[in-house]
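Undergrad: Next up is a structure, given as structure tokens.
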Amino acid sequence: MKKIVIIFLHFITLLSIFVIVASIPRKNDLEVEKFTGILERNVTIQVLENDTAIKQGYLKELIDAFNLKYKEYGIVAKDANMDQFSDLEQDGPYGYGPDVLYQANDRLMRYVDGKHIQPLPVSTLNTYDQIDIKAWSTYNREVEGINYTFGVPVNVQGPLMYYRKDLLPSNWKTTYDKNNNDIPDMLESWNEMYRFSLEKRSSGLFGYMRSFLEPYFSAGYLFSYGGYAFGDNDTNQSDIGFSKGESYKGASVIRQLATLMDERCIDDTITVTAYSQLAKGNFFATITTPDVYTLFADEFKKEGVSLDNLGVSNIPMLPKSGDLTEVNPELIPCKMMGGIQGYAISSYTKAPNASLAFIDFATSYEMIIRRNELLGIAPARNDCAFEIGGLSQVINDNLKNGFIAIMPSIKATSQIWTPLQTLFQDIAKDPFRSGNEQAKYLKKEEFQAALERVDKQIYDAIHTLQ
């Protein structure tokens, strides 16, 4: 009898433990429930922003304005004073990470797997109805059968062409405006940019210049011809697609563009000097993101050149054939890689409601307009993009129309950069091989084989080496 009672008591104890454990909400449910709408009092929020926002004074303006508004609550936002690429996965658990962090979607969303950032009640934010579903979807992830949103889009990143208006030929309307639409042909077609850049080289100057070190600015040539990063809308890390479709044509375009340049295109020399070289008139054009407009402006001012001479346009179209020497080619849109930069909240913060209030303030209409004025960003907010117009609207339209391939929001994305960088550098080096070296990329099969090797390297890095 005593044995039976003991067994029964053990059973009751185990049952009680099971009931208690079963009643504990999942971590993600708890994290959402942290946002009660009741602000924490007398707390300090550490904010991690990008270097440009700090350098141009935007972060200081944002923090000062926020602190003034929430002074009565004792809430103080501060610059986290950390590298813009600080790793929350490493720093957060030890209390060193920021409360609020601003980064691109591929970096933010890799923190979801380890539950380092919190799902957010985004429908409570003032910006919610003003952001397109494609931008929101970048920060959506299904966790344990429930769909959550982990970030708030701020701006859409997509490359633009920056060029010197005053370096256009004086007779460009007769020599470079075949369709008579008052837009120089080299800004509409890579074939015409290729032709114009060859003319510049013959006079000792450079036309289009861009380093191929960063895959972010080169992968789009592959995407334009049917390549992709991951299958199933960039969610299937077992399907690597940089070699798919006719992406070999895009790889060939990279090699052809490299012939317009010198060996600086192999490393990052052109990238870091493009602002000053454009200001000095040594380069006619380059491509980069909208949020660095002010860096061009600073260099133009330093050189005493009117900023009226700086032109910005959409990315030219590509020839369907992939041949930049083709005359009167059939053109297709150039689909470039882009990203959605936004805010997220650390799971380790002790002030989730105050942090959410900061994001709500930072993504308000007024602050996004100001961010554009100081940094030249293309807002994710439709009302701001419409108000600003011009290329901000163009970039938003490119996103909606599928001409911007957003960086995948899965952790495996971190494995694509090194193999792509190595390949693009090797392709860019090809026109400059000399001596006993032999050109490696002249035929379709050679480009295709190299792209397939990249796919395999990425697959192995994801599934074998981790």
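The values are calculated or read from the model by the stated rules, or taken from the named source; none is laboratory data. A quick note: this is a predicted structure, and the numbers were derived from the prediction, not measured. Using ideal geometry, Cβ is built from the backbone for each residue, glycine included, and neighbour counts are taken over all protein chains shown. Ligands, DNA and RNA are stripped out before the accessible areas are found, and what is left, the full protein with its side chains, is counted by its heavy atoms. Shrake-Rupley method; radii C 1.70, N 1.55, O 1.52, S 1.80 Å.
Undergrad: Return yes when residue 147 is closer than 18 Å to residue 408 by Cα and open to solvent by 10 Å² or more (accessible area, probe 1.4 Å) and no when it is not. Steps first, please.
TA: Values: closer than 18 Å to residue 408 by Cα: yes; open to solvent by 10 Å² or more (accessible area, probe 1.4 Å): yes.
When the stated conditions are applied, residue 147 passes them.
Undergrad: Another question, if that's okay. Name the single residue that is nearest to the chain's Cα centre (by Cα) among those in the range 100-135 being open to solvent by 10 Å² or more (accessible area, probe 1.4 Å) and among the hydroxyl-bearing types (Ser, Thr, Tyr).
TA: 128
Undergrad: Another question about this same structure. Could you count how many residues in the range 60-72 are open to solvent by less than 60 Å² (accessible area, probe 1.4 Å) and either touching a Pro at 6+ places or on another chain (Cβ under 6 Å) or outside any loop (DSSP other than H, G, I, E, B) (or both)? Steps first, please.
TA: Narrowing the range 60-72 to residues open to solvent by less than 60 Å² (accessible area, probe 1.4 Å): 62-63, 65-67, 70.
Subsequent filtering for residues that are either touching a Pro at 6+ places or on another chain (Cβ under 6 Å) or outside any loop (DSSP other than H, G, I, E, B) (or both) retains 62-63, 65-67.
Looking only at that region, the number is 5.
Undergrad: Which of (1) closer than 30 Å to residue 280 by Cα; (2) open to solvent by less than 60 Å² (accessible area, probe 1.4 Å) is the odd one out, the single condition residue 325 does not satisfy?
TA: Residue 325 satisfies all of (1) closer than 30 Å to residue 280 by Cα; (2) open to solvent by less than 60 Å² (accessible area, probe 1.4 Å) except (2).
Undergrad: Tell me which of these residue 421 doesn't satisfy, since it passes every other one: (1) within 24 Å of residue 112 (Cβ to Cβ); (2) open to solvent by 40 Å² or more (accessible area, probe 1.4 Å).
TA: Condition (1) is where residue 421 drops out.
Undergrad: Could you check the range 36-59 and list, in sequence order, the residues that are open to solvent by 60 Å² or more (accessible area, probe 1.4 Å), of a type outside the set (A, V, I, L, M) and under 20 Å from the mean Cα position of the chain (by Cα)?
TA: 51, 55
Undergrad: State all residues of the range 264-290 that are outside any loop (DSSP other than H, G, I, E, B), open to solvent by less than 20 Å² (accessible area, probe 1.4 Å) and among the hydroxyl-bearing types (Ser, Thr, Tyr); if no residue qualifies, say none. Working first, answer last.
TA: Within the range 264-290, the first condition is being outside any loop (DSSP other than H, G, I, E, B), and the residues that meet it are 264-265, 269-280, 283-288, 290.
With the extra rule that they be open to solvent by less than 20 Å² (accessible area, probe 1.4 Å), the set shrinks to 265, 270, 274, 278-279, 283-288, 290.
The answer is 286, 288.
Undergrad: Shifting gears a bit: Select from the range 155-190 the residues that are farther than 16 Å from residue 310 by Cα, buried (at least 22 other Cβ atoms within 10 Å of the Cβ) and of a type in the set (A, V, I, L, M, F, W, C) and list them in ascending order.
TA: 156, 190
Undergrad: Mind checking which pairs have a first residue in the range 291-315 that is exposed (fewer than 15 other Cβ atoms within 10 Å of the Cβ) and a second that is polar (S, T, N, Q), Cβ under 8 Å, 6 or more apart or different chains?
TA: Partner pairs satisfying both residue conditions: 302/276; 303/276.
Undergrad: Right, next: Restricting attention to the range 300-356, which residues are under 23 Å from residue 163 (Cα atoms) and among the aromatic types (Phe, Trp, Tyr)?
TA: Correct list: 300 only.
Undergrad: If you take the residues in the range 228-242 that are open to solvent by 10 Å² or more (accessible area, probe 1.4 Å) and touching a residue at least 24 places away in the same chain (Cβ under 8 Å), which one is farthest from residue 444 (Cα to Cα)? If you could, list the steps in order and put the result at the bottom.
TA: Within the range 228-242, the first condition is being open to solvent by 10 Å² or more (accessible area, probe 1.4 Å), and the residues that meet it are 228, 232-240.
Then keep just the ones that are touching a residue at least 24 places away in the same chain (Cβ under 8 Å); that gives 228, 234-235, 237-238, 240.
Details: 228: 18, 234: 26, 235: 29, 237: 26, 238: 25, 240: 20 Å.
Among them, the one singled out is 235.
Undergrad: Scan the range 48-59 for residues that are at pLDDT 95 or above and β-branched (Val, Ile, Thr) and jot them down.
TA: none
Undergrad: Residue 194 is checked against (1) closer than 16 Å to residue 287 by Cα; (2) surrounded by fewer than 18 Cβ atoms within 10 Å (Cβ to Cβ) and fails just one. What number does that condition carry?
TA: Unmet condition: (2).
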